[in-house]
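Worksheet: one structure, shown below.
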Amino acid sequence: MTHQTRTLFAVALAALAPSAWAAGFALQNQNGSGNGNAFAGAAAAAEDAGTIFFNPAGMTLLQEGHSIALGGTVLDRSIEFTNKGTVAVPTGFPLGTNGGDAGGTSVIPFGYWSMSLSPALRVGLGISPTFGNKTEYDTTFIGRFSGYYAELQQININPAVAYKLNDAVSLGFGINYALNEIEFRQMVPIGAATQTPAILKGDDDGWGWNVGAMFRIGPATRLGIAYRSTIEFDLEGTQTVVGVPANSFAIKSKLETPDSFSMALSQKLDDRWELLGDLTWTGWSSIKTLPVIRSSTGTQVTSLSYNFEDTWRVGIGANYLLNDAWKLRIGTAYDKSPVKNDADRTMTLPDADRTWLAFGARYTLSKETSVDLGYSHIFFKKVSTERAVPMTTPPFGTQTVRGEFETSADLLSVQLNHRF
């Protein structure tokens, strides 16, 4: 039991709650207008104050004065596991069930504000969750000794500034202050046919930055380039093994969320049609091995490897100006998973390659106010796991969880835009 509980924190960090909107556990849905295009070309779009997240240089393309964008996305996920040959833990433990639907419905809010200090200089502020969600199986889940519950919440506060060098080039820069909290639960065996929950909670804050540039390379063509840095968290928290005080103690570890780089294009075909496209790289290889430190002694208990790899995302979309009131949107994207193979795929991060299909619209209420609606359905590739779960001491040994995951997701966004 001691080995099993001491590895809990590292398991939690490597099995952070899965995301149904971007690869790994990143949240792509940072505004409502982009959802209608599957966020294709988001670093070049600059339609509203939400550009603060995707490319702060885009603030110089907004009208002078104040611009705000407020809204949220409702995310509904389905995550279903089917057993394909998992062997029960020895000495009296039942194999368990498929765990039910581990997805669920959640709401992700966002808010942005931009203000012009001069025709060339803009400042702004964005607040949004950049990573996280919740995954929860029944406590009778076959994979409960690997993990049956994981939740991550990361809120990002992003002040930014942008400057228009000339009619062709604008630059932007932002600071990111992030608050990260996690909770993870798994079952641990404490005797023949006896198990108990082990619960971890940890939190920290961290700092990062983002930078962007916008280039007008022709009368109808705009290129956006944007980079977001890694953020390192020195997580501290508590590990509680219910009913076993000797194995409940303070623990810490390090988590480095990935950086990303995006190149995006906006191409006007005529007065009505606009094409959008992007290619985005994410540095998921920042999550390889995770050291586990017991706070009271400062000694490393273990180090686990999850071998995330860097990924690419490609998206293409279009906007059509129907009339003075309505702008229609459509888009698709392909997003690669950072999980390399079945052995690395955890119960609470059954991540898979995915394809987006999206549509949406902007309705203009007045010169100052508009509303965006966007909907995306995300198709996930069916994937398998063959995850080895070491138990504590003999006779429990190691359980290998074998099975398949079927995942899907729907995203519905609403955003209010207002200028004054």
- prompt: Can you sort R122, R272, R387, R419 so the residue with the fewest Cβ neighbours within 10 Å comes first?
  reply: R272, R419, R387, R122
field: Top positive-direction residue, dipole computed over the chain with Cβ charges, set G202, T105, G85
entry: G85
- prompt: For the charge dipole of segment 210-357, defined by +1 on Lys and Arg C-beta atoms and -1 on Asp and Glu C-beta atoms about the Cα centroid, which residue among Q267, V314, G237 has the Cα displaced farthest towards the positive pole?
  reply: Q267
field: the chain, dipole about Cα centre (Lys/Arg Cβ +1, Asp/Glu Cβ -1), debye to the nearest 20
entry: 320
- request: With only Lys, Arg, Asp and Glu charged, each at its Cβ (+1 for the first two, -1 for the last two), find how big the charge dipole of segment 232-292 is about the Cα centre; round to the nearest 20 debye.
  value: 300
Cα-based reach from K382 at 13 Å (exclusive), listing aspartates and glutamates while leaving out same-chain residues under 8 positions away: E80, D342, D351, D353, E404, E406
field: Above-threshold pairs, the threshold being 21 Å between Cα atoms, out of K201/K252; K288/K381; K134/K201; K84/K134; K252/K336
entry: K288/K381; K84/K134; K252/K336
- request: Take the Cβ-Cβ distance between S366 and R216 as r, set R0 to 25 Å, and report the resulting FRET efficiency rounded to the nearest 0.05.
  value: 0.35
statement: Stokes-Einstein, Kirkwood over Cα pairs, the chain, 25 °C, 0.890 mPa s; D in µm²/s equals 110
message: Sort H377, H418 by Cβ crowding within 10 Å, fewest neighbours at the top.
response: H377, H418
- prompt: So which trypsin sites (Lys or Arg not before Pro) in segment 339-371 end up in coil per DSSP with only 15 or fewer other C-beta atoms within 10 Å?
  reply: K340, K367
- request: List E183, E404, E47 from most exposed to least, where exposure is judged by having the fewest other Cβ atoms within 10 Å.
  value: E404, E183, E47
- prompt: Taking K and R as +1 and D and E as -1, what net charge do the other residues with C-beta under 13 Å from the C-beta of T346 add up to?
  reply: 0
- prompt: Which whole-number percent is the relative contact order of the chain (Cα, under 8 Å, 6+ apart)?
  reply: 22
field: Potential extension, Y227-E80 segment - 0.36 nm per residue separation minus Cα distance
entry: 49.5 nm
query: For L121 and D203 in the same chain, what is the full-extension length gain: residue separation times 0.36 nm, less their Cα-Cα distance, in nm?
result: 25.9 nm
query: Near L179, within a Cβ-to-Cβ distance under 9 Å, what is the net charge of the other residues, with Lys and Arg +1 and Asp and Glu -1?
result: -4
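None of the figures in this text is laboratory data; all of them are computed from the coordinates on show. Because the structure is a prediction, the values reported are computed rather than measured. Virtual Cβ from ideal backbone geometry, glycine too; neighbours counted across all protein chains shown.
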